[in-house]
Amino acid sequence: MQFLQNVSLKSKTTLQMRSNAAWYGEARSAEDVLEAVMFARERQLPILVLGGGSNLVLSSDIDGLVLANRISGCELTNEKVRLGAGENWHEFVSQATRQGIGGFENLALIPGNVGAAPMQNIGAYGLELADRFISLNAINLDSGESVTFDRSDCRFGYRESLFKQERLWCIISMELEPSDELRASYPGVHSWLQDHELEATHESIYKAVCEIRTSKLPDVLSHPNAGSFFKNPVVAVSVSEALQQSYPSLPSFPDSTGVKLSAAWLIEQAGLKGTAEGGFLVSEQHALVITHDGTSHFAELHRLIDRIRSRVLERFGVELEVEPTIYPG
């Protein structure tokens, strides 16, 4: 492996934050990861594993080793899928759909690489990664130990997992289980299929999700962003019922722990669309997205986050939680 010094990370994250890494390297195999672990140990450097950079907010320069995970591999069958952590997630979903391998189409166009999928327990349009997860292999960044995790080991929750809580692991590969199940009941997908007079199939759901996401969300290439910036808050049934009485149009969805509300609706109704702080802007296209013109620093983003959370709490009594990882936190 090559280890480079003082490398700019601005182009390596989709929000394009100004940040330099003291050291930077790219791992293309498990052996490279072990070499990086030894390199960092000898110099007493912390390690930040970087994937596609789509769900990461860099709050300052990184005084350590940034290890870009570029481990490839894509084996697709109707019984099992095995993916290297450095593969692009959407490209995998597209390939699986083209080959008639179903069960992943609801997760189309989610940005980032495969290694970030279990970290976030990515989900959209009625499906979460945990629903299709079998196992993953990861290397402990302290000890160099290789460990296999099953679903229960991963502690999956709503946009949560062991790997997000404990940043001690570099995910190497993941196994997923295809499914013939069709999940087309999510309102947006159901409406799209009806409007286009299409039966629910893996391919039609894939097309619906891609078109919906493309129409709703700003293009990351022209409007740098980190995707959904806040989690949809989960509240008690009693809280949801009280809010629904005052705001009948508030979108809500049953959740195993209560009722999930639309963070985008709360932000928009609080009058925050188009709110700016420096080069950061609450997107006019979708209130859950914060775009960046590439010129500003984390302090300005932090002020915008505080303003959004405070306004929503003041108006609705609901606390919003940031979805992307802020590093250093």
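For R303, state whether it is of a type in the set (K, R) and in contact (Cβ under 8 Å) with a residue 40 or more places away in the chain.
Considered against the rule, which asks whether it is of a type in the set (K, R) and in contact (Cβ under 8 Å) with a residue 40 or more places away in the chain, R303 comes out as no.
Within region 235-258, can you find the residues that are among the hydrophobic types (A, V, I, L, M, F, W, C) and either exposed (fewer than 15 other Cβ atoms within 10 Å of the Cβ) or at pLDDT below 95 (or both)?
Within region 235-258, A236, V237, A242, F253 qualify.
Can you find, within region 60-87, the residue that is surrounded by the most Cβ atoms within 10 Å (Cβ to Cβ) among those that are among the acidic types (D, E) and farther than 30 Å from A299 by Cβ?
For region 60-87, the residue satisfying everything is E87.
For the condition among the hydrophobic types (A, V, I, L, M, F, W, C), farther than 30 Å from V282 by Cβ and touching a Ser or Thr at 6+ places or on another chain (Cβ under 6 Å), what is the one hit in L198, L162, L168, L176?
On the way: L162 fails: touching a Ser or Thr at 6+ places or on another chain (Cβ under 6 Å); L168 fails: touching a Ser or Thr at 6+ places or on another chain (Cβ under 6 Å); L176 fails: touching a Ser or Thr at 6+ places or on another chain (Cβ under 6 Å).
Residue meeting the stated conditions: L198.
So, A184, is that one of a type in the set (A, V, I, L, M), more than 28 Å from L15 (Cβ to Cβ) and either free of Cβ contacts under 8 Å to residues at least 60 places away in the same chain or in a helix (DSSP H, G or I) (or both) or not? Before you say what the answer is, go through the steps one by one.
Details: of a type in the set (A, V, I, L, M): yes; more than 28 Å from L15 (Cβ to Cβ): yes; either free of Cβ contacts under 8 Å to residues at least 60 places away in the same chain or in a helix (DSSP H, G or I) (or both): yes.
Considered against the rule, which asks whether it is of a type in the set (A, V, I, L, M), more than 28 Å from L15 (Cβ to Cβ) and either free of Cβ contacts under 8 Å to residues at least 60 places away in the same chain or in a helix (DSSP H, G or I) (or both), A184 comes out as yes.
Return the total of residues in region 310-326 being touching a residue at least 24 places away in the same chain (Cβ under 8 Å) and either touching an Asp or Glu at 6+ places or on another chain (Cβ under 7 Å) or within 22 Å of H223 (Cβ to Cβ) (or both).
Summing the residues that are touching a residue at least 24 places away in the same chain (Cβ under 8 Å) and either touching an Asp or Glu at 6+ places or on another chain (Cβ under 7 Å) or within 22 Å of H223 (Cβ to Cβ) (or both) in region 310-326 gives 6.
Name every residue in region 279-295 that is among the hydroxyl-bearing types (S, T, Y), outside any strand (DSSP E or B) and touching a residue at least 24 places away in the same chain (Cβ under 8 Å), in order of residue number.
Matches in region 279-295: S283 only.
Determine whether region 22-30 contains at least one residue that is in contact with an Asp or Glu (Cβ under 6 Å, 6 or more places away or on another chain), over 21 Å from G86 (Cα atoms), among the small types (G, A, S) and part of a loop (DSSP other than H, G, I, E, B).
no
Per-residue answers, yes or no, for (1) free of Cβ contacts under 8 Å to residues at least 12 places away in the same chain; (2) surrounded by fewer than 18 Cβ atoms within 10 Å (Cβ to Cβ):
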| residue | (1), (2) |
| --- | --- |
| L4 | no, yes |
| S8 | no, yes |
| E31 | yes, yes |
| M38 | no, yes |
| S54 | no, no |
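Can you find even one residue in region 77-85 that is in contact with a helix residue (DSSP H, G or I) (Cβ under 9 Å, 6 or more places away or on another chain) and in a loop (DSSP other than H, G, I, E, B)? Give the derivation first.
Taking region 77-85 and keeping what is in contact with a helix residue (DSSP H, G or I) (Cβ under 9 Å, 6 or more places away or on another chain), we get 81, 83, 85.
Cutting the leftovers down to in a loop (DSSP other than H, G, I, E, B) gives us 85.
Yes: one or more hits.
Taking only region 166-191 into account, find how many residues are out of contact with any Lys or Arg (no Cβ under 6 Å at 6 or more places or on another chain) and either basic (K, R) or at pLDDT 95 or above (or both). Walk me through it before giving the result.
First, pick out the residues of region 166-191 that are out of contact with any Lys or Arg (no Cβ under 6 Å at 6 or more places or on another chain): 166-174, 178-191.
Next cut, either basic (K, R) or at pLDDT 95 or above (or both) only: 167, 169-174, 178-184, 189-191.
Result for region 166-191: 17.
Looking at R183, R98, R155, R151, which one is surrounded by fewer than 22 Cβ atoms within 10 Å (Cβ to Cβ) and in contact with a Gly (Cβ under 7 Å, 6 or more places away or on another chain)?
Values: R98 fails: in contact with a Gly (Cβ under 7 Å, 6 or more places away or on another chain); R155 fails: in contact with a Gly (Cβ under 7 Å, 6 or more places away or on another chain); R151 fails: in contact with a Gly (Cβ under 7 Å, 6 or more places away or on another chain).
Answer to the check: R183.
The values are calculated or read from the model by the stated rules, or taken from the named source; none is laboratory data. As the structure is a computational prediction, the values presented were derived from the model and not from experiment. FYI the Cβ positions are ideal-geometry reconstructions off the backbone, even for glycines, and counts take in every protein chain you see.
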